[in-house]
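To start, the structure itself, in structure tokens.
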Amino acid sequence: MRKTIKLALVSALEDLTKDNFDKFCHQLLDRREAPRVKRNKVESKSRLEIADVLVSHFTEEGALRVTVALLKAIGCRNEAEELGEAVYTHVSPLEPDSKDFVEKHRGQLIQRVSNIALILDELLDKEVIQQETYTRIRALSTSQEKMRELYSGPLQASAACKKIFYDSLLENEKPLVKELSEKD
């Protein structure tokens, strides 16, 4: 039985020495790419909690890429390679590609998403958007304008941002996501 990505992350982090785990956490906090991880999400956390933070901020696939890169950055190349080998074959054919979904259904999502306020709150909490962007988008008058603004800026940043947006859609617009997925 193959490990899930999250279990492989936990295992890789548990195999690190205390010094290397501390270095890993420092590198995680020093990342400049979005989404950034806040200090209070990392300090004094266990290896399991750090794995949870990685998955919640970057998605499983993104967490894997970030973890491998950070392990290499702190000189743990063997651990990085072992982690990659442990899970790179893990792909769920039933899980939709969030990036493709967000791009493919752009028009329908712009027209039909109604819970945009909740989605914006989550994107702000997960640092996909900054406070200034959040305020600017909230000030727009219609849901369609808000969605267009999201698509023209923050959703162009990375696949990880699109994944976080997709996860928020699943939570806040589940019937719409289900309907659009069934049309694929």
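Quick note: the coordinates plus some simple rules give every number you see, no bench work behind them. This one's a predicted model, so the numbers in the text were calculated from it and none came from an experiment. All Cβ positions, glycine included, derive from the backbone under ideal geometry; neighbour counts span all protein chains shown.
Please give, to one decimal in nm, the separation of the simple spin-label points placed at residue 45 and residue 182, each 7 Å out from Cα toward the Cβ.
Result for the modelled spin labels: 3.7 nm.
Using a simple charge model, +1 on the beta-carbon of Lys and Arg, -1 on the beta-carbon of Asp and Glu, nothing else, what dipole does the chain show about its Cα centre, in debye to the nearest 20?
Magnitude of the dipole: close to 380 debye.
Compute the long axis of helix 77-87 from its Cα atoms, compare it with the longest principal axis of the Cα atoms of the chain, and write down the angle in degrees, 0 to 90, nearest 10.
For helix 77-87, the angle is close to 50 degrees.
On a straight-distance basis, which lysines could pair with residue 162 in a cross-link, Cα separation under 24 angstrom, same-chain partners fewer than 8 positions away excluded?
6, 38, 41, 99, 104, 126, 146, 174, 178, 183
Could you give the dipole magnitude of the stretch 5-87 about its Cα centre, charging the beta-carbon of Lys and Arg +1 and that of Asp and Glu -1, in debye to the nearest 20?
Approximately 440 debye in magnitude.
For the chain, build the charge dipole from Cβ charges (+1 Lys, Arg; -1 Asp, Glu) around the Cα centre, then report which of 129, 29, 17 sits farthest towards its positive end.
Of 129, 29, 17, it is 129.
Evaluate 2.2 N^0.38 Å with N set to the residue count of the chain, then give the Cα radius of gyration divided by it.
My calculation over the Cα atoms of the chain gives 1.11.
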